[in-house]
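**Q** Sharing a structure, written as structure tokens. Questions coming.
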Amino acid sequence: MAKKKQRRGGGAAAGAGGTPATVALAEAGTAFTVHSYEHDPAAASYGAEAAEALGVEPARVFKTLLAEVDGALTVAVVPVSGSLDLKALASARGGKRAAMAEPAAAERATGYVRGGISPLGQRRRLPTVLDASAAEHTTICVSAGRRGLEVELAPADLTALTGATVAPIARSPH
């Protein structure tokens, strides 16, 4: 069963239980809602698990992936209902080639563990690309910085806080 907490800025998110992502949102004064659920370590897909546990359509739950575009780490945020189009990501970043980053490199660069990587509050700010489908929704959910914790916010707020480029980088399931 999912739990829900509405927040708008302030110090509450920065206190006990806060993650770097929720702290960043609170410090920016951004409206957001935190959703928590019991994470199943046996889940095949962290994103699909989040969508199901929260009762949210998978097109509104976005996963945070790290790739290397021409050797530089890049954050890609795409719906859990699809997959990352590496060629489209490279193009969106003005690069030639993209490949998925090694999980250990992703964890080192972001400060988060796989399955809990948030596009917000990362150890160092990396170039970020948000899939254009996010604009179809009033709010989307992304990881709040740990498995079993999602944050819901407006796509425009995510774009502003991460400095993201918005581009069509997701492939729909066939």
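The values are calculated or read from the model by the stated rules, or taken from the named source; none is laboratory data. Remember, it's a predicted structure, so these values are computed and weren't measured experimentally. So basically every Cβ, Gly included, is an ideal-geometry build from the backbone, and we count neighbours across all protein chains shown. Calculation scope for accessible area: heavy atoms of the full protein, side chains included, ligands and nucleic acids excluded. Shrake-Rupley method; radii C 1.70, N 1.55, O 1.52, S 1.80 Å.
**Q** When a/c reaches 1.5 or more, the comparison of a/b and b/c decides; with that in mind, is region 79-174 rounded, prolate or oblate per its Cα gyration tensor?
**A** rounded
**Q** Mean residue ellipticity at 222 nm from the helices of the chain, using -39,500 (n - 2.57) per DSSP H segment of n ≥ 4 over the full residue count, to the nearest 500 deg cm²/dmol?
**A** Counting only the DSSP helices, I get -6500 deg cm²/dmol.
**Q** Can you give me the pair-distance distribution of the chain, C-alpha pairs, 10 Å bins, whole percents?
**A** Per 10 Å bin, starting at 0, the Cα pair percentages come out as 11, 42, 38, 9, 0.
**Q** Let me ask something additional. Points 7 angstrom from Cα along the Cβ direction at residue 45 and residue 104: gap in nanometres?
**A** 2.8 nm
**Q** In nm, give the distance between the simple-model label positions of residue 123 and residue 83, each being 7 Å from the Cα along the Cα-to-Cβ direction.
**A** It is 2.8 nm.
**Q** Can you bin region 33-87 into rounded, prolate or oblate? Criterion: square roots of the alpha carbon gyration tensor eigenvalues sorted a ≥ b ≥ c, rounded for a/c under 1.5, prolate for a/b above b/c, oblate for the rest.
**A** It comes out prolate by the Cα gyration axes.
**Q** Keeping all protein chains in place, calculate the accessible area per residue for the chain (probe 1.4 angstrom), answer in Å². Could the numbers behind the result be given before it?
**A** Working: 8630 Å² over 174 residues.
About 50 Å² of surface per residue is accessible.
**Q** How high is the FRET efficiency between residue 27 and residue 135 when r is their beta carbon distance and R₀ equals 30 Å, given to the nearest 0.05? All intermediate terms of the calculation are to be shown ahead of the outcome.
**A** Working: r = 25 Å, r/R0 = 0.83.
Here the calculated transfer efficiency is 0.75.
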